[in-house]
Amino acid sequence: MAVTFDLFGTLVAIDRPGDPAATVATALRDRGVTVPDGWSERYTEQHVEAPAGAEIPLPAHVAAALRAGGVDASASTVRRAVVAAFDPDVRTRPGADDALSAAAARGPVGLLSNCSVPELVPRTLIRSALDRETFDAIVTSVGCGWRKPHSRAFETVAGEVGVGADALVHVGDDEASDGGVEAVGGTFLDVADIGLETIADRLRAGDQPASLAEASPCR
């Protein structure tokens with residue numbers, strides 16, 4: 001068994017931009033990039049074709065949206081703007097460190113995060129109270145190319161921690177994405193139903209996956 005964790009909304013909380021298109025536009029202008037008219041609409045449109053479930057890095061999407069508006073910008077400039085636009089203030093969720101410690105006592109621990117922004121996950125971990133060394137593997141959708149709930153996202157992190165995908169116990173806050181682990185035979189633990197503190201207690205007690213997933217009677 002290996003325990004993997006989602007990051008945003010599960011182990012940490014961050015404040016996301018209320019208007020991502022406007023925030024990215026400001027970061028682009030700060031770096032001398034002309035933002036075309038109709039940017040809000042261009043930002044939300046699809047510009048890069050990709051297979052279902054594949055991750056499109058946000059800098060690639062932004063660069064394509066700029067080109068659609070007749071603006072060319074260097075890849076490095078666009079990347080720096082996107083990274084700056086999503087520079088987070090980070091709050092570690094109560095019980096997160098305890099749950100990680102309990103998971104590490106049972107076996108390999110991984111992180112599996114849907115994130116299209118380069119550098120955001122490592123920057124978030126650095127600013128959190130979490131010990132990055134606890135993770136035997138850190139996998140992001142922008143890094144592996146696939147977003148949860150796609151099976152290849154879970155198969156990637158399973159390979160990184162050295163188990164089969166059916167041996168994963170995945171802790172997350174979004175059944176639609178994190179619950180995809182069940183399609184590969186793994187176990188999903190929903191922090192909204194169980195809570196990090198209870199997960200830590202059950203891991204320390206040696207509970208098996210089926211027992212770990214039982215909802216807490218106190219929630």
Inset, instruction - Find how much the distance from GLN208 to ASP19 grows on full extension, using 0.36 nm per residue of separation minus their present alpha carbon separation; answer in nm with one decimal. - result: 63.8 nm
Legend entry - Dipole of the chain, positive direction: furthest Cα of PRO17, LEU189, ALA210, with charges on the beta-carbon: PRO17
Legend entry - GNM result for the chain, Cα springs below 10 Å: residue of GLY69, GLY32, GLY195 fluctuating most strongly: GLY32
Inset, instruction - Work through the residues other than ALA102 whose Cβ is under 11 Å from its Cβ and net out their charges, Lys, Arg +1 and Asp, Glu -1. - result: -2
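Loop-only GluC sites (Glu not before Pro) in segment 128-219, please: DSSP not H, G, I, E or B, and at most 13 other Cβ atoms within 10 Å. Spell out each step's value before the answer.
Numbers: sites: GLU133, GLU155, GLU160, GLU175, GLU182, GLU197, GLU214; in loops: GLU214.
In loop regions of segment 128-219 (DSSP not H, G, I, E or B), the sparsely surrounded GluC sites (Glu not before Pro) are GLU214.
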Inset, instruction - Leaving ligands, DNA and RNA out of it, report the carbon-plus-sulfur percent of the accessible area of the chain at a 1.4 Å probe. - result: 45
Inset, instruction - Can you pull the one-decimal nm distance between simple spin-label points at ARG31 and ALA183, each 7 Å off the Cα toward Cβ? - result: 3.3
Legend entry - Rounded to 5, percent antiparallel among DSSP beta bridges of the chain: 20
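Taking only protein heavy atoms into account and a 1.4 Å probe, give the accessible area per residue of the chain in Å².
45
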Inset, instruction - Note down the nm distance, to one decimal, between modelled labels 7 Å out along Cα→Cβ at THR77 and at ARG106. - result: 5.0
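The values are calculated or read from the model by the stated rules, or taken from the named source; none is laboratory data. A quick note: this is a predicted structure, and the numbers were derived from the prediction, not measured. As a convention, Cβ positions derive from the backbone with ideal geometry for all residues, glycine included, and neighbour counts pool all protein chains shown. In case anyone asks, the SASA skips ligands and DNA or RNA and just uses the protein heavy atoms, side chains included. Shrake-Rupley method; radii C 1.70, N 1.55, O 1.52, S 1.80 Å.
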